[in-house]
Amino acid sequence: MKKAKKGISLKRSVQSLGVSFVVLLGSVAVFGNPELLNLIQTSGTTDQIPVKLVKTIDGDTIKIRYQGKDQNVRYLLIDTPETNHPRLGKQPFGEEAKERNNQLVKSGKLTIEFDVGERVDKYGRLLAYVYVDGKSVQQTLLEEGLARVAYVYPPNTRHLTPYEEAQQRAKIKGIGIWSIENYATDTGFKENDAKNSGSSDKVKEYFKNCTELRKKYPNGVPKGHPAYQAKMDGDKDGYACER
């Protein structure tokens, strides 16, 4: 009887050691792989990860240096007009959105934040929230009428409410994409309506000075924007009346 009990005890000890060994191997696999460890550390959190900008692709996409390699980042929850689409071509306010995005991501410390859902889209791009010095780039583009809220796929909806609020403020002001009637919709940008109403290249806006311009565009406007005037671009950086 005692021999039987000893046998059972020995078997349980071996099983326990086996489980411990598997857990140890799992720990080594995760903690020995920086990429896997980073995914775990950021999952479900609002941690912002410092990254290096490689280049600006358009209004809602950039290329960054992340985990030792260059990767494209598609901004979560927003959409900006196209600048060089094979079918749609160049859309109104596409260049303005790209220029503003470029200015923002080069203006300070660049960080990204993942949400709790998918982190890579079908094109292999990272899906993330983008910040400069802790301020949301997405929200700024929405606030200035250069982007619309789009591609809302739960559970990646952490910042949806403030984004929708920023978009609504731009709508009320009638700025950027909202200055063209029926152009920005829930399903995209309606090119025909934009052409009928006049694109951003055709509809000029005139302001006496930067003080007046900033009442409508608090952060100034890029070259190509209907309100841009060379005389208001004192430092000749392609952006008029920036703060």
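Things worth noting here:
- Any pair with Cβ under 9 angstrom, 6 or more apart, that starts in segment 164-179 at a residue that is at positive phi and surrounded by 22 or more Cβ atoms within 10 Å (Cβ to Cβ) and ends at one that is assigned to a helix (DSSP H, G or I) and among the acidic types (Asp, Glu): 176/96
- Test: residue in segment 48-59 that is at pLDDT 95 or above, surrounded by 22 or more Cβ atoms within 10 Å (Cβ to Cβ), part of a strand (DSSP E or B) and not charged (D, E, K, R): no
- Residues of segment 60-104 classified as in a strand (DSSP E or B) and more than 21 Å from residue 132 (Cβ to Cβ), total: 3
- Any hit, segment 148-167, residues being part of a strand (DSSP E or B) and assigned by TED's automatic domain parsing to the domain that holds residue 79: yes
- Subset of segment 122-146 [loosely packed, with under 14 Cβ neighbours inside 10 Å and either assigned to a loop (DSSP other than H, G, I, E, B) or among the aromatic types (Phe, Trp, Tyr) (or both)]: 122, 123, 124, 133, 134
The values are calculated or read from the model by the stated rules, or taken from the named source; none is laboratory data. Just so you know, these numbers come straight off a predicted model, no measurement behind them. Here the Cβ is made from the backbone with ideal geometry for all residues, glycine too, and neighbour counts use every protein chain on show.
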